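A short reminder: the numbers here are calculations on the coordinates, not readings from a lab. The structure presented is a predicted model; accordingly, all values stated were derived computationally and were not measured. Here the Cβ is made from the backbone with ideal geometry for all residues, glycine too, and neighbour counts use every protein chain on show.
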Amino acid sequence: MLSYQKVICSFLFALIWILFLSGKVFGQVVINEFSSNSDPEWVELYNTLDSPIDLTGWFIKDEVQNPKVLSGTITGHGYFVFENREGWLNNSGGDTITLLDNSLPSGQINQIIYGKSNSIVGTPAFDKSAGRSPDGSSNWVNQLDWTKLSANPIPQTPTPTPTDIPEPEDTPTPTATPTSAPTPIPKPTVTPTPKNTPTPSTSLRASPTRAIKAEESEIVLAAVTSLTPTDLPVITEKNSYNNLFPFLAIGTGTLLLAVSAVFGILKK
């Protein structure tokens, strides 16, 4: 019974070590920078933890070469560089760099693919490197000047250029359009209507009030016939009403005198 308990305890301890201790190491040491087109070629590791990590039992390899054994200790937030002769890493068609620990179930700690269609970074040029920026991040930058065993450059955040806000232009004050004075409507010219010129009557009739005796009529006729044509005014078409009025008055007066004379004779 005691042996059975020891087996269970040992199994649980191993499981805890695999799940926690190995998980703590996995991903905390990363491939931080590499140069595949130089002599020698090299790979830099970076420890993201505060405490040191023993690299005993770790390996590094590419796609075709045999794994290279690592040894030593990498300090907290420190660097470790592995170097090998030229030609170890492929610098023409891309390659895959893998960091391994055989003591782990999966074995793989970190991996970087470069220079391929599915890679996250291209192949560095001669004596240039590719690395994470900043250290330990997921952002890769190519064609770096070597920063072996030192911090990679931090990408500069571009300062946004302030956009010039155009100042509002002065709105010109609209010029008042002069209002033209209305053209006075001319008053119609009043044409005076000529007054009708009265046409004088040329014949005067005396309405007898009673019968005149033969003797009286002879006296009246004599008085009337005694008037010469020159005594009466000549009415022409050219005479106006004003010119005719004196003549009518004279004629009428003469006629009244004659009638008065007749009545005076008759009274006798």
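Each residue of the stretch 95-100 was assigned a 3J(HN,Hα) from its phi angle through the Karplus curve 6.51 cos²θ - 1.76 cosθ + 1.60 (θ = phi - 60°); the sequence is 7, 10, 9, 10, 9, 10 Hz, with glycine and proline shown as x.
Database remark: amide H of N32 closer than 5 angstrom to the amide H of E44, L45, Y46 (H placed geometrically; neighbours at sequence offset of 5 or more, or on other chains; Pro and chain starts carry no H).
Only counting other Cβ atoms within 10 Å, I'd like F34, F263 sorted with the fewest neighbours first.
F263, F34
Exposure proxy shown here: for W58, W146, the number of other Cβ atoms within 10 Å sets the order, fewest to most, as W146, W58. Backbone amide hydrogens, once placed in the peptide plane, bring W58 within less than 5 Å of L70, excluding anything fewer than 5 places away on its chain. With each label modelled as a point 7 angstrom along the Cα→C-beta vector, the I250-Q143 pair spans 14.1 nm.
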